[in-house]
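Data block below; observations after.
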Amino acid sequence: MRYVSTRGGVDPITFSQAVIMGLATDGGLLLPETFPQIGQEELRRWAGMPFPELAVEVMHPYMGDDISREQLSTLVERSYGGFLHPEVTPLVRVGEQYVLELFHGPTAAFKDVALQFLGNLFELLLERSGGHLNILGATSGDTGSAAIYGVRGQRRIDIFILHPHNRVSPIQERQMTTVLDDNVHNIAIEGTFDDGQRIVKALFNDLEFKEEYRLGAVNSINWARILAQVVYYFYAWSRVSGGDTSRKLTFSVPTGNFGDIFAGYVAMRMGLPVARLVLATNRNDILSRFVNTGVYQARAVHHTISPSMDIQVSSNFERYLYYLMDQDAERVRGLMEQMGRDGRMSISAKQQESVAALFHAEAVGEEKTLEQIATTYREFGYILDPHSAVGVRAAADFPGAVCLATAHPAKFGDAVKRAIGCEAPPPPSLQGLMEKATRCEILAADSAVIKNFIQSKLSGRHEQH
Ligand SMILES: *Cc1c(COP(=O)(O)O)cnc(C)c1O
C-alpha cells in the first residue's frame, strides 16, 4: 500500500514514511492510493471478533510489508490493554439508539483510541530507524493529555505540550501536569490557546530548528490516527448486525476536525454497510453549513460547553474533498488556494447533492445539548457528556443509529451538572488527580522563550547524536 498527497506533490510513499511525515510536504494530507475491499464473507467472519483481533484485520491491509501481523498485534495489545473496559469500545443500548463508548482510555476521551496507538507505532518505527523524535503541540485541553499519555515513558520521544495558563479546566490541567515521566514537558504559557498555536506554527516554520531537533506533530492530520479510528466502526457494526450484511447502519459523530467522521467514511469505502453518516456540530457550524449549502466558509469561533468541537477550519476536511473531487489533486489544490485567499470556497449543486445524500448534518446549540443530556438521563438513566449529547440530538430522526460517545461525562462536570443537577461519578482515571504531584513550567507566550526552553531540555541528549 502506497500513500499520496491530496495536493499531488508527493511521490508515493510507504505506510511508515506516511506516519513519520504527518502533514504531506506539499501542504496536503496523505491518503492511501486505494481502499482495501472487505467482502461480505469477511464481514461475517469478523462479526464475532474481540476488538484487538478485529483491529489487526482492519488495519493490516494498510501497512503493506512495513509491519507484520504479529508486530501489529503487539502494538494493538499494548495500546488497548490499558483501557478500563474489556471490550475497549463497548456498545450500549440507550432507548432506540446505540451509544458507542469511546472514552475508556487513560484520559477518558476518544482521542486515546488513536493516540495510544500512534505513540506505540512511533516507538516501533523509531526503534527501527534508530532516531529520536520531539513532539511539539499546543492544546486547548483534551488533545494534549491524550498525546502525553500516548508517549509517556518512551525512550526515543520527548513531548512538549503548551497549554494556556489558567485557561484550561482544572481536571484537564491536572491530567497533563501530573504525568511526571522524564520525557514529558508541560509548558503553561502566559497567553491564550491561539498564542500557543501561533508559537508552535512559528517553531515548525523555523526549518533549521525543526530539522536539527526533529520536531514532529501528533495533531489529527496523521493518517495512523484516522486508521485506528476506522476499527470501531467495524466493531459497532458487527455488534449490532451480528454479521448480517444486509443490515446498513447510520452513525452519528460529534465533529470538530472531521477526523472521526472521516474514519467512518473510510470504513464505508472499504465495504462496511453504512446508511448515513450524521455530522453533528455545535454552533461552530462550518461543516454543517457546507453539507447543507455547498459553501465552505469560516466564521469566528464561539466557545461552547463542547469545547473539543470549537473549531473554525477542519484540518481533515481536505481528505474528504479529495474524494469528492474524484481524486483530482489539481482541483483540491485550487480549492484550498481559494480558501486561503478568500476564506471561502464552494462546490457545484450536483456535488452538494451527493454530499447531502451521504451526510445528514446538523448544528446543535447549547440549550438543545443540555436538554438532550437531561432527557437521556431522565428516560434511560444514562449520562451523556456534552459532545456526545450533540451527536445523540442530531440523530433524533434516525432510530437504531450508533451514536459515538467521545468523552466521559465526568470530564465535563459543569455542563452535566447544569443539565441534570449532579455530576457523573468519575472513572478511576480521573480520581485523585487533584492530590497528585505536578510538574509544569510557566513561560512567556513568546516563541524565542519556548525555543530556548526546548533547546535547554534537550541539549544534554542532543549532543549524544
Ligand atoms: C476531538 C474531539 C471531538 C471531535 O473529533 P474530530 O475528529 O476532531 O472531529 C469530539 N469530541 C471530543 C470529546 C473530542 O475530544
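Give 298, 329 a once-over and let me know the one that is open to solvent by 10 Å² or more (accessible area, probe 1.4 Å), modelled with pLDDT under 95 and over 19 Å from the mean Cα position of the chain (by Cα).
Within the list 298, 329, the selection yields 298.
Among the numbered criteria (1) closer than 30 Å to residue 96 by Cβ; (2) part of a helix (DSSP H, G or I); (3) within 16 Å of the ligand (Cβ to nearest atom), which single criterion is violated by residue 257?
Exception for residue 257: condition (2).
Which of the residues that make up the range 104-129 are in a loop (DSSP other than H, G, I, E, B) and closer than 20 Å to residue 278 by Cα?
Hit for the range 104-129 is 110, nothing else.
Are any residues in the range 141-168 away from the ligand (no atom under 16 Å from the Cβ), in a strand (DSSP E or B) and more than 17 Å from residue 120 (Cα to Cα), and if so, which ones?
160, 162, 164
Can you pull out the helices (runs of 4 or more DSSP H) entirely within the range 338-416 that have at least 3 residues that are modelled with pLDDT of 95 or more and under 27 Å from residue 268 (Cα atoms)?
349-358, 386-394
Considering the range 239-251 alone, what residues qualify as being in contact with a helix residue (DSSP H, G or I) (Cβ under 6 Å, 6 or more places away or on another chain) and either at pLDDT below 95 or more than 13 Å from the ligand (Cβ to nearest atom) (or both)?
243, 245, 247, 249 - these are the residues of the range 239-251 that are in contact with a helix residue (DSSP H, G or I) (Cβ under 6 Å, 6 or more places away or on another chain) and either at pLDDT below 95 or more than 13 Å from the ligand (Cβ to nearest atom) (or both).
Could you run through the range 304-326 and say how many residues are of a type outside the set (Val, Ile, Thr), within 15 Å of the ligand (Cβ to nearest atom) and not in a helix (DSSP H, G or I)?
Number of matching residues: 6.
Could you look through the range 261-288, keep only residues that are outside any loop (DSSP other than H, G, I, E, B) and farther than 30 Å from residue 302 by Cβ, and pick out the one that is nearest to the ligand (Cβ to nearest atom)?
It comes out as 267.
Take the range 107-132 and flag every residue that is crowded, with 22+ Cβ neighbours inside 10 Å and either under 16 Å from residue 158 (Cβ atoms) or more than 10 Å from the ligand (Cβ to nearest atom) (or both).
113, 115, 116, 117, 118, 119, 121, 122 - these are the residues of the range 107-132 that are crowded, with 22+ Cβ neighbours inside 10 Å and either under 16 Å from residue 158 (Cβ atoms) or more than 10 Å from the ligand (Cβ to nearest atom) (or both).
The values are calculated or read from the model by the stated rules, or taken from the named source; none is laboratory data. Just so it is clear, the model here is predicted, and its values are computed rather than measured. When we count neighbours, we look across all protein chains shown, and the Cβ atoms used for this are built from the backbone with ideal geometry, even at glycine. Ligands, DNA and RNA are excluded from the accessible area calculation, which covers all protein heavy atoms including side chains. Shrake-Rupley method; radii C 1.70, N 1.55, O 1.52, S 1.80 Å.
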